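Okay, so here's the structure we're looking at.
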Amino acid sequence: MTEGHEQAPSRQRRRFPDISSRTYEHPADRSALVALRKLSGFDTVFKALSGLLPERSLRLLFLSDSVRVSDAQFAHLHTMLRDACYILDLEKVPPMYVTQDPKPNAMCIGLDEPLIVVTTGLVELLDEEEMRAVVGHEVGHALSGHAVYRTVLLFLTNLALKVAWIPLGNVAITAIVTALREWFRKSELSADRAGLLVGQDLHASMRGLMKIAGGNHLHEMNVDAFLEQAEEYEAGGDLRDSVLKILNVLPRSHPFTTVRAAELKRWAESRDYQRIMDGHYPRREEDKDASVGDSFRESASHYADTVRTSKDPLMKLVGDIAGGAGDLGGRLRDRFTGGASGAANGSGAAGAGEKGE
């Protein structure tokens, strides 16, 4: 790894000395990681894998069959990488590789030290400012320590395929992979925020997400219309659609692209983001004094706000129940069948009244 920072960013951007990853970590990311660590068998599997994972082999694979980013190779990416580490004050610049793959993708992996990999498909798809946000995204993963769990997820996903034929052999692995994927989807929201802190260009972040979703046809796409898709996705349909949304996302390692764009835009417009840009953020030196209870309360508050403000039919139903709304059976029936909830609730209330009398 390269020690220290050789130069400041190529254009003037705000720098965040000693920034703690808590600054940009999504509350759902932290709570999902806590839940993951509490999963039965996870500690045992994780400790065992930490000593068995072929990390050295993985590094040799990229060294031998990919292109290492440097001043001599993909110099513009090397500049972006140094810029990102400078802005987020990451002391050691991780090695970065470009690997031949037409599918746009990037990842940060490694147990002892993080390593960043981007595909040729991604490099060819994005312009400089869009790519800068992606590099910042991966550096955010490195700063948050996500690389370790990402590496375990990659290994277990491959292992699950190999032991699928063994009776019950896949059950425990599948449970851990599912929990890891749930955490990793949330961690992507955190890394998107880190990418915005590095690029400091919301439009570039939005463009990059649109291109990942729809390809290199930016002249045919519109940010506002793209965000409207997220609104329609969240609010549309009935409870059956809510269940289908859950089933669709379970096998994925990343959240849906429109959802990521909407989440990032909300954060960019928040007071929290403005405070960070003004220089008010948690420092790493304060991490040891950070309260676990405060993190739990923040996560709980986030989920409560999500349920309260969500337009998803299932989340609205959960909010109604939590708020004391009655006739659960009637509401479930109406949401699934499209019946008139008002009439059902009215008849149910009358029936209850007659029975009580």
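Give the stretch 86-104 a look and list any residue that's of a type in the set (S, T, N, Q) and surrounded by 14 or more Cβ atoms within 10 Å (Cβ to Cβ), or say none.
So in the stretch 86-104, the residues of a type in the set (S, T, N, Q) come out as 99-100.
99, the sole residue that qualifies.
Starting from the stretch 273-285, keep only residues that are closer than 11 Å to residue 18 by Cβ, then list their pairs with residues that are surrounded by 12 or more Cβ atoms within 10 Å (Cβ to Cβ) and small (Gly, Ala, Ser) whose Cβ atoms are within a distance under 7 Å, requiring at least 6 positions of separation or different chains.
Between residues of the stretch 273-285 that are closer than 11 Å to residue 18 by Cβ and residues that are surrounded by 12 or more Cβ atoms within 10 Å (Cβ to Cβ) and small (Gly, Ala, Ser), the close pairs are 282/20; 283/20; 284/20.
Between 287, 241, which is in contact with a Pro (Cβ under 9 Å, 6 or more places away or on another chain), modelled with pLDDT under 95 and in a helix (DSSP H, G or I)? Steps first, please.
On the way: 287 fails: in contact with a Pro (Cβ under 9 Å, 6 or more places away or on another chain).
None of the other options fit; the residue is 241.
Give 117, 123, 93, 135 a once-over and let me know the one that is touching a Phe, Trp or Tyr at 6+ places or on another chain (Cβ under 7 Å) and β-branched (Val, Ile, Thr).
117
Could you grab me the full set of residues in the stretch 1-17 that are in contact with a Phe, Trp or Tyr (Cβ under 8 Å, 6 or more places away or on another chain) and modelled with pLDDT of 85 or more?
Passing the criteria: 15, 16.
Residues of the stretch 55-85 being crowded, with 21+ Cβ neighbours inside 10 Å and of a type in the set (Asp, Glu), which ones?
83, the sole residue that qualifies.
For the stretch 18-33, state whether one or more residues are surrounded by fewer than 18 Cβ atoms within 10 Å (Cβ to Cβ) and either modelled with pLDDT of 70 or more or in contact with a Cys (Cβ under 6 Å, 6 or more places away or on another chain) (or both).
Yes, the conditions are met somewhere in the stretch 18-33.
List the pairs whose first member sits in the stretch 63-80 and is farther than 20 Å from residue 101 by Cα, whose second member is at pLDDT below 95 and surrounded by 12 or more Cβ atoms within 10 Å (Cβ to Cβ), and whose Cβ atoms are under 7 Å apart, counting only residues at least 6 apart or on separate chains?
Close Cβ pairs satisfying both conditions: 79/10.
Identify, please: which residue in the stretch 114-134 is touching a Gly at 6+ places or on another chain (Cβ under 8 Å), assigned to a helix (DSSP H, G or I) and hydrophobic (A, V, I, L, M, F, W, C) and is, among those, surrounded by the most Cβ atoms within 10 Å (Cβ to Cβ)? Full working, then the answer.
Here is the first cut: in the stretch 114-134, the residues touching a Gly at 6+ places or on another chain (Cβ under 8 Å) are 125-126, 129-134.
Narrowing further to those that are assigned to a helix (DSSP H, G or I): 125, 129-134.
Those still in the list that are hydrophobic (A, V, I, L, M, F, W, C) too: 125, 131, 133-134.
Numbers: 125: 18, 131: 21, 133: 28, 134: 31.
Filtering first and then ranking leaves 134.
If we scan the stretch 88-95, do we find a residue that is in contact with a His (Cβ under 9 Å, 6 or more places away or on another chain), aliphatic (A, V, I, L, M), over 16 Å from residue 199 (Cβ atoms) and assigned to a strand (DSSP E or B)?
So far as the stretch 88-95 goes, yes, one or more of its residues are in contact with a His (Cβ under 9 Å, 6 or more places away or on another chain), aliphatic (A, V, I, L, M), over 16 Å from residue 199 (Cβ atoms) and assigned to a strand (DSSP E or B).
Is it the case that the stretch 96-113 has a residue that's assigned to a helix (DSSP H, G or I), in contact with a Pro (Cβ under 6 Å, 6 or more places away or on another chain) and either in contact (Cβ under 8 Å) with a residue 12 or more places away in the chain or within 20 Å of residue 19 (Cβ to Cβ) (or both)?
If we filter the stretch 96-113 for residues that are assigned to a helix (DSSP H, G or I), which is where we start, we get none.
No, the stretch 96-113 contains no residue that is assigned to a helix (DSSP H, G or I), in contact with a Pro (Cβ under 6 Å, 6 or more places away or on another chain) and either in contact (Cβ under 8 Å) with a residue 12 or more places away in the chain or within 20 Å of residue 19 (Cβ to Cβ) (or both).
The values are calculated or read from the model by the stated rules, or taken from the named source; none is laboratory data. None of these values were measured; they are calculated from a predicted model. Quick reminder, even Gly has a Cβ in these numbers, built from the backbone with ideal geometry, and neighbours come from all protein chains shown.
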